[in-house]
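See below for the structure under consideration.
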Number of protein chains: 4
Amino acid sequence: MSFPAGPGSLYGFAMRFFSDNAAPACPQVIAAIAGANRLDTAYDGDAWSLRLNSAFSDLFEREVEALWVSTGTAANSLALAALCPSHGAILCHSQAHIQVDECGAPEFYTGGAKLLLGEGEGAKLDPDIVKGLLGGIRRGDVHQVQPAVLSITNATEYGRVYTADETAALGALCRGEGLRFHLDGARFANAVAHLGCAPADLTWKAGVDALSFGFTKNGGLSAECLVFFDTELAAATRYRRKRAGHLLSKGRFLAAQILAMLEGDLWLANAHTANAAAARLAEAAGPARLLQPVEANEMFVRVSEAEAAALRAQGFDFYDWGPGEARLVTSWDSVPTDVDALAAAIRAL
Amino acid sequence: MSFPAGPGSLYGFAMRFFSDNAAPACPQVIAAIAGANRLDTAYDGDAWSLRLNSAFSDLFEREVEALWVSTGTAANSLALAALCPSHGAILCHSQAHIQVDECGAPEFYTGGAKLLLGEGEGAKLDPDIVKGLLGGIRRGDVHQVQPAVLSITNATEYGRVYTADETAALGALCRGEGLRFHLDGARFANAVAHLGCAPADLTWKAGVDALSFGFTKNGGLSAECLVFFDTELAAATRYRRKRAGHLLSKGRFLAAQILAMLEGDLWLANAHTANAAAARLAEAAGPARLLQPVEANEMFVRVSEAEAAALRAQGFDFYDWGPGEARLVTSWDSVPTDVDALAAAIRAL
Amino acid sequence: MSFPAGPGSLYGFAMRFFSDNAAPACPQVIAAIAGANRLDTAYDGDAWSLRLNSAFSDLFEREVEALWVSTGTAANSLALAALCPSHGAILCHSQAHIQVDECGAPEFYTGGAKLLLGEGEGAKLDPDIVKGLLGGIRRGDVHQVQPAVLSITNATEYGRVYTADETAALGALCRGEGLRFHLDGARFANAVAHLGCAPADLTWKAGVDALSFGFTKNGGLSAECLVFFDTELAAATRYRRKRAGHLLSKGRFLAAQILAMLEGDLWLANAHTANAAAARLAEAAGPARLLQPVEANEMFVRVSEAEAAALRAQGFDFYDWGPGEARLVTSWDSVPTDVDALAAAIRAL
Amino acid sequence: MSFPAGPGSLYGFAMRFFSDNAAPACPQVIAAIAGANRLDTAYDGDAWSLRLNSAFSDLFEREVEALWVSTGTAANSLALAALCPSHGAILCHSQAHIQVDECGAPEFYTGGAKLLLGEGEGAKLDPDIVKGLLGGIRRGDVHQVQPAVLSITNATEYGRVYTADETAALGALCRGEGLRFHLDGARFANAVAHLGCAPADLTWKAGVDALSFGFTKNGGLSAECLVFFDTELAAATRYRRKRAGHLLSKGRFLAAQILAMLEGDLWLANAHTANAAAARLAEAAGPARLLQPVEANEMFVRVSEAEAAALRAQGFDFYDWGPGEARLVTSWDSVPTDVDALAAAIRAL
């Protein structure tokens, strides 16, 4: 793999708008790792790990339990295993990451729970869609897995954002139906940055029991935080985390990353940067090209094969979403001159 | 947790001989992480990850498949899942890490295989012990899980080393009995350093199918490598790794650590340093105190309660192994002056 | 629960057309159980169990391995566990019994495989539908479960029958795509009876690897047979059967039931009886009422609430399928005078 | 397999003292099956199944939940899955059926719990042995599976019986240690018959949470009952039973067997018959031959190879337990003249 250098680029063009997964870690995170490189207690007994609960309790304005893990798939699966029995069902969108991009991790961790899939615009669910899913299940009939958890993604897999009210409406439905509520927040920062609300508003105040809070896409090296608002769920999860091979022996390096991201609200600043870049691109693309409103750091656009080729010829890389469709992702490190160049290129199509 | 400073110490005394798990990452590893901090393909498609197979093939003098993971428990469990059906049995020592320190991870990953436990001095097994275990199973009887894998640890949980011949004898037994052969090499480097043999001699030449090659205890930040000598096992394992949440999105940071450790045989140099420190301590302790011959980087010694307190009062920390017993672990970063100080303190007991 | 007696009924009316699951066992089966009530080897080492392989090999005109189990869910799940790895996907209809009526048993037995659901008229799949499902999966991408098995039900959950040609077309697709092929034959007898073809034509000659051959709905007491055309799959399944608690200690009572059903093609005669009864009812209902062509022993009809109530008032019981829809099931023991009475009542609606 | 006829034998000699697993079903059970052979609600909604809770509540003198299953392995595994999380440990004897004869079913059903094995004479555990097992576990350390359940077998795999006091002592330990308590009662009837106590005394009054109450070895055709004294455990277990393929569609045939066995205390009468036969054999063998006191329906005796051959030459069959050891099992149907003949043959050795 080669990285052709280009004007205005720090890294070369290739893949720059391909995925936030591939971005570097931000300097503060690297510095925090270097700073944590001293002897300390192994696993999660170190000085950094021990600060996570209070740091996240501050952020969320209530007591929480916060466990580091190294991937979003692990965070999601551990959360779902805490919330769903093996004979339960997890309600989610048909395009949810837990359904289409985790190779069955939820099934593995829950001991074989079933995902029941709803359809909704922008990879979003709403109460009616969830009620429709519930209507397809014979409640209390032992021949069917019983609905146990609702899982949504915010921002969604299509870069859409659930508002606090939308989330709360789903949370209220969950409480009424005896469901637990999980939030896949791989891009939670982008949702909060978009809405300008408090993290609490999108989570426990809206009925969320557990949050997979993503940091890796947002400037971390490899760090996600599983936040339990129902704190009693944490105890068993600590065993499951070890049992799944996710209790790193030098866990301080994960905790230090996360703390660095929380410090001075770096997580939010990074998300603002990424969102703003996407907004500039969306403005350039114009409504006619947009497959989805751009609310976070992803843009789904209509581009012909020739247009896509033209953009790539200018050094911009991105993901082919389908015939005539492309996904462009910005990130904390999207270089302003690159973004401007791409915006201009899109305008010129 | 406080770290009192002390003469001759970089980190303060506390915990220095407690565990190699708690050691810092070595400078070359930190540098490699910084060096990998640029945009590249996500997951394991990056330039570093793509070099792993050839780097390990060179090291082992044959074609291998090498997959990074972030913990030894993940490496062991993925290896065992590749080698053992859910209705199979894994033969191992009663003190094996997979039995006593992984919270049932092998059972989780294999879908409920059973570990059958042998007893042997120094946490080592030999062919007779394994034959004894096999003798307790009615082969071909569907009422019993059937032996599928032998798993040994080298260096063992008691700091003992299997020679190439000892390993090969077990390997031959495995072949004769239709068993696969797994090697937990959390401290494989220490075993190789002790014996001065080729890595091949302790692995595939001795019949080993899969190796969990540890780097974290030996100077890594969080990186282990699962090495398949039976390369056909790798394909399904790549799915299982994802499914277990162990496919990091910025995998290049794991691969870069491992490549840095292989570079110039740093892994071996680090292990020599740790082993040598343990040897100095062992010499100071003298045979009468030693519960086990010291062959790698762990020393198990008899110390009275008063002696242990005396050592701790001088700032040395270590693990109480049992009544009147202590475990002291050296590592790649054991500070020579600290080691000398501890050796003197032990002599003075 | 009371069973009101009624004219022309052996059992009382209640539930008679509710489900073939609730029917009695046929006299030959009861006699066979009594005949097997003598001392013999436990588990499946008895004289009856040892005859299963040859009996089914005769029936299918090739060598097969045949294992009794006591439920269709167990047969299906053991078959799927033999055919699908835990990181695999099972392609089936959205209305398949394995998806909607087995409480996640396939997920449990496979260690968390995922069911991917197709839509097709009459709960039937065809090659285009399967290709559509395959098109939604990124083959070889470790982030997604990979298609491993196609499972169809014949006769389907809507009483429809796959012909030999239709089955073979799916089988050919499976071979081309590297999929295994499972047939849920809870009502296999009804399908064979409808088509008048050889059992081989609907199974291995059409590419089927494993068949869940149902006997319980068709006159058995509690006996199903898992038939492997890929005979190598049987060995591991025998362990899984025990491990799942499905190796009955007095297995001869299961084997004897099955052998009694095969004797003189009783299985086929019973299915003919049930199918003929359904056909008489379908004729009475007329095409306008039928939601599905009646090909086996189930009839799905449009009936208003008032009509349904009228039928029930006359003593006929059946299952409400949905608003304005009803399911009526005939069985080996449908009493001719009852069937005639119901046919007349339907005509009179 | 041939069954040579012999004087004084109903079935021929072969295997008569081999295992109670192989015995026929008793006539009342066969009659009950015939009597249940009429249309009724499927699964466990029929008239017989609905009577189980009250029948067992009467027997145990308190409210219980009672679920039929068709094997003891299923009963044990469902009980353990209800009592033990996947990261928990099940404490049991090294010779427990759940460890050595169920092909890992407990691991399968619990999602990979670990069995921790104690040694005790006669396959019995006592509080000191259990305390020893507990002492080997670091409580609250996430690296280790945590003790969750104690499982004992009464009568044991060596035909020994726990008294009510012995059971209660273990129950008290469980309560003190936060363990749940499971009783494998495959031969519970034989234990009750031996002690002459109330079923309540050996179960909930002694702290037992769940009982696998065996009927198959004691005259049933294929029927066991899982009895929950902690009735809240039943609800989830009903789903797990379906999910495991153990919810038979014609469940009335299981329930009817069990009710027939409870009727007039047939279960107890059958056990008395079997125990008495074993006692006669034990008396004939004399204390010197007995490897275990004979308390239930199994006798473990020292017999030389020549002696074993001599007995077999006379038509008696039994299980070779080990070099110079044999196991002889009596059952509800042990023919008195056969027992007398065997007693005489043993005396004559």
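The values are calculated or read from the model by the stated rules, or taken from the named source; none is laboratory data. This is a predicted model, so every value here is computed, not measured. With ideal geometry, Cβ positions are generated from the backbone for all residues, glycine too; neighbour counts draw on all protein chains shown. Accessible surface areas use protein heavy atoms only, side chains included; no ligands, DNA or RNA. Shrake-Rupley method; radii C 1.70, N 1.55, O 1.52, S 1.80 Å.
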**Condition met for B:ARG241 (within 30 Å of B:ARG175 (Cα to Cα) and either assigned to a helix (DSSP H, G or I) or over 20 Å from the mean Cα position of the chain (by Cα) (or both))** = yes
Here the residues within region C:13-40 that are farther than 24 Å from D:LYS217 by Cα, without any contact (Cβ under 8 Å) to a residue 12 or more places away in the chain and facing another protein chain (nearest Cβ under 8 Å) are C:ALA22
Selection from region D:158-176 of residues closer than 30 Å to D:TRP321 by Cβ and in a helix (DSSP H, G or I) yields D:ALA164, D:ASP165, D:GLU166, D:THR167, D:ALA169, D:LEU170
The helices (runs of 4 or more DSSP H) lying wholly within region A:41-157 that contain at least 2 residues that are at pLDDT 95 or above and within 14 Å of chain B (Cβ to nearest Cβ) are A:72-83, A:97-100, A:105-110
Being out of contact with any Ser or Thr (no Cβ under 8 Å at 6 or more places or on another chain) and aliphatic (A, V, I, L, M) narrows A:VAL64, A:VAL69 down to just A:VAL69
Pairing a residue in region A:249-264 that is farther than 15 Å from A:VAL227 by Cβ with any residue that is among the β-branched types (Val, Ile, Thr), where Cβ atoms lie under 8 Å and the two sit 6 or more apart in sequence or on different chains, gives A:SER249/B:THR71; A:SER249/B:THR216; A:LYS250/B:THR216; A:PHE253/A:ILE33; A:ALA256/A:ILE33; A:GLN257/A:VAL29; A:GLN257/A:ILE33; A:ALA260/A:VAL29
Screening C:ALA191, C:ALA206, C:ALA244, C:ALA210 for residues that are in contact with a Phe, Trp or Tyr (Cβ under 6 Å, 6 or more places away or on another chain) and open to solvent by less than 10 Å² (accessible area, probe 1.4 Å) leaves only C:ALA210
Restricting attention to region C:177-223, the residues that are in a strand (DSSP E or B) and of a type in the set (Gly, Ala, Ser) number exactly 4
Within region D:250-309, the count of residues that are among the hydrophobic types (A, V, I, L, M, F, W, C), within 19 Å of D:ALA191 (Cα to Cα), part of a helix (DSSP H, G or I) and open to solvent by 30 Å² or more (accessible area, probe 1.4 Å) comes to 4
Of the candidates D:ARG240, D:ARG280, the one satisfying the condition of being in contact with a helix residue (DSSP H, G or I) (Cβ under 7 Å, 6 or more places away or on another chain), at pLDDT 95 or above and within 14 Å of another protein chain (Cβ to nearest Cβ) is D:ARG240
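Matching residues to (1) buried (at least 24 other Cβ atoms within 10 Å of the Cβ); (2) on the phi < 0 side of the Ramachandran plot; (3) among the charged types (D, E, K, R):
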site: B:ALA105; (1), (2), (3): yes, yes, no
site: B:LYS114; (1), (2), (3): yes, yes, yes
site: B:LEU117; (1), (2), (3): no, yes, no
site: B:ILE129; (1), (2), (3): no, yes, no
site: B:GLY140; (1), (2), (3): no, no, no
site: B:VAL145; (1), (2), (3): yes, yes, no
site: B:GLY159; (1), (2), (3): yes, no, no
site: B:ALA168; (1), (2), (3): no, yes, no
site: B:CYS174; (1), (2), (3): no, yes, no
Residues in region D:314-349 that are more than 15 Å from D:LEU290 (Cα to Cα), open to solvent by less than 70 Å² (accessible area, probe 1.4 Å) and not aromatic (Phe, Trp, Tyr) total 13
Note on region B:218-236: residues in contact with an Asp or Glu (Cβ under 8 Å, 6 or more places away or on another chain) and closer than 18 Å to B:ILE152 by Cα are B:VAL227, B:PHE228, B:PHE229, B:ASP230
